[in-house]
2 protein chains.
Amino acid sequence: MAPRSVQPVILIVEPFGGSTRLHNPNLPMVYWDDAAVTRGDGVFETLLIRDGKPVNIERHARRFLASATLLGLPEPDLNYWHRATDEAAMEWYRQQGQTPAEGFRGEAQCVWTYTRGRASTGNPTAWIRVNSLPAEMIQQREQGVAVMTTPRGWTINTELPGVYVAAEGKVPQSPAPWLTVGAKTLNYAAAMAALRYAKDRGFDDVVWLGADGESVLEGATSTVVMEKKGKRLRTPSSGGEILPGTTQAALFDYAHSQGWKCKEKPLTVTDLKSARSVWLLSSVRGAVPVTRIDDTCLEPHDLDELRQLFQAAMH
Amino acid sequence: MAPRSVQPVILIVEPFGGSTRLHNPNLPMVYWDDAAVTRGDGVFETLLIRDGKPVNIERHARRFLASATLLGLPEPDLNYWHRATDEAAMEWYRQQGQTPAEGFRGEAQCVWTYTRGRASTGNPTAWIRVNSLPAEMIQQREQGVAVMTTPRGWTINTELPGVYVAAEGKVPQSPAPWLTVGAKTLNYAAAMAALRYAKDRGFDDVVWLGADGESVLEGATSTVVMEKKGKRLRTPSSGGEILPGTTQAALFDYAHSQGWKCKEKPLTVTDLKSARSVWLLSSVRGAVPVTRIDDTCLEPHDLDELRQLFQAAMH
């Protein structure tokens, strides 16, 4: 058995609120007929826990609710999920040998999963897991990442009714049948395939491009942000091809309050290559600087100002 | 506990060949860190078992192998999967009270699942399940289905290298990173959302259309085939937007040998509405006649000739 400290905490939660139950991660958990396993039919959120507290939880909760609504899952009780997250986090710190009296220290990854559940019961399945940050993530925060750009290979028709609204992270009045667009579903097989492909070729991550092979969409599991001279931040316009980023939204809100000019607008690979700095933003890995785009090494600039801005924004 | 006879048989198989193990379906089976659960990162095939034998297994095995290769999963040993399928099927008939001496009778559904497995072990996970046919399927074979047409909402760029070949069910020489196109992955959340939407509106199934809102792609989990006068069968050209159908391929091969003219060519909704008959083909539900397309009831024709052709083709 793995040492106690690297084991995740798994907290089974009841989709309609109610009791919670710690699950031994060494035992199987999901049944053969759970829609998560048979169809990838479920939604998730990944949060950072820092010093005992979930970071940016309101935005995650909002997207979680939108994802569940878009998939026609029963509305999750967000207060209950919030309390259960605290419970799971506290258990994780306890397993690290920390006590509430001393105050919790350090970071953890937290994943909320909510599936359509077992075909045989019709009840959704839900759980929260808390685990240590992968060592690779911590290294990438420090050293940055080399990214491969590639066309995504598919295009969403945002002119269909409801699609654009959903892709912005909102729930449209008249939802269209294809409305897993905009929902953060478990269907990440393509993103995982792209990451494997990139890693085989010496890259750390992938940035998706539009069909023109030049316009920037998003990272495989992150949002692209670039910094320009004069305290300006840019990210590709969300909606349609791009899942709205909770971390980018938190950064832009805070940066704006600190006098930065923050804009969503179409960006190209050429824009990125001439930026002061380029970042991939995601909840747990945080803000990682891009050091290379395909064959082009980015000129090193002072990254500390943006690192500090990001740290301050994440609460 | 559900009565014995309606329980599925679950046979855990070893991805690299080796022993098999019957799993009690009343107990959980999949671990928290299995890529099937966290990312929908796996492939599957659904087969019909008829009178003790898997139907059309060579084509399913070929697509299974292509799916696994496209996702970079270790090559499955198809002889081993074949033997394990026989073992699971025999156990299912045994649980129905049948014995090999009398000969097995009746149909069952069989699903092969093969996932990237647990993050903590790096070993793929694989299992075979055999269960009774859902009553709804049997009813739909007899009574046909009403289908809703709708644009799929996304378009695959088949001009990117490798994509067209993969979409035809083959493994391209230089695979592109987005090559879950053409693989039958567990990422069916969108298809399930579309089916729920259609059922809420009084339809039984969905037929996806291209971006023009008129060209026919495929059913949510089936292939569209139409019959024209003069013993002619048509299906939309596969590749790109359409997963190649194993059942349609088996039907066309057999029909061709019986003097039918069978063609893959672009089809429109107007073509379907003026066809002699329209069918949705899939492995387990088989050939179901379409009785209504959106608001248009199709004129009833004699369906027996095609039903018999289909029955004869499926072995």
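Readers should treat all values here as calculations from the given coordinates under stated rules, not as data from a laboratory. From a predicted model like this one, the values you see are computed outputs, not experimental measurements. Heads up, the Cβs are rebuilt from the backbone with ideal geometry, glycines too, and the neighbour counts pull from every protein chain shown.
What to note about this one:
- Annotation: lysines with alpha-carbon distance below 24 angstrom to residue B:53 (same-chain offsets under eight excluded): B:184.
- Based on Cα atoms of the range A:4-133, Rg over Rh with Rh as the Kirkwood radius reads 0.97.
- For chain B, share of DSSP beta bridges that run antiparallel, in % to the nearest 5: 80 percent
- Placing +1 on the Cβ of every Lys and Arg and -1 on the Cβ of every Asp and Glu, with nothing else charged, gives chain B a dipole about its Cα centre of roughly 240 debye.
- Net charge dipole size for the range B:1-93 [Lys, Arg +1 and Asp, Glu -1 on Cβ; Debye, nearest 20]: 280 debye
- Neighbour-count ranking [beta-carbon atoms within 10 angstrom, fewest first] of B:253, A:41, B:77: B:253, B:77, A:41
- Cα lying deepest toward the dipole's positive end in chain B, options B:252, B:73, B:18, charges on Cβ: B:252
- Enclosed volume per residue, in Å³, of the convex hull spanned by Cα atoms of the range B:229-273: 74 Å³
- Of the beta bridges in the protein assembly as shown, as assigned by DSSP with both residues counted there, near 80 percent are antiparallel.
- At q = 0.05, 0.07, 0.10 Å⁻¹ the log10 of I(q)/I(0) for the protein assembly as shown amounts to -0.23, -0.46, -0.94, computed by Debye summation with a single uniform scatterer per C-alpha, solvent ignored.
- Each copy carries a label point for residue B:102 at 7 Å from Cα toward Cβ; from one copy, the others' points are 6.8 nm away, ordered from shortest.
- Nearest-first distances (nm) between copies at residue A:58, label 7 Å from Cα via Cβ: 6.4
- Gaussian network model of chain B, Cα within-10 Å springs - most flexible of B:52, B:210, B:97: B:97
- A Förster distance of 45 Å, applied to the separation of the beta-carbon atoms of residue B:83 and residue B:301, puts the FRET efficiency at 0.60.
- Copy-to-copy label distances for residue B:12, where each label lies 7 Å from Cα along Cα-to-Cβ, are 1.7 nm in order of increasing length.
- Both the radius of gyration and Dmax for chain A are 19.7, 59 Å, in that order, over alpha-carbon atoms.
- Estimated [θ] at 222 nm from DSSP helical runs (n ≥ 4, -39500 (n - 2.57)) normalised by residues in chain B, nearest 500: -8500 deg cm²/dmol
- Once divided by 2.2 N^0.38 Å, the Cα radius of gyration of the range A:245-315 becomes 1.12.
- The Cβ shell under 11 Å around residue B:122 holds other residues with a net charge of +1, Lys and Arg each +1, Asp and Glu each -1.
- Cα-centred dipole magnitude for the protein assembly as shown, charges only on beta-carbon of K, R (+1) and D, E (-1), debye, nearest 20: 0 debye
- Residue with peak Gaussian network fluctuation, chain A [Cα springs, cutoff 10 Å], from A:68, A:126, A:189: A:189
- Percent breakdown of C-alpha pair distances by 10 Å bin, ordered from the shortest bin, for the range B:180-229: 22, 49, 25, 4
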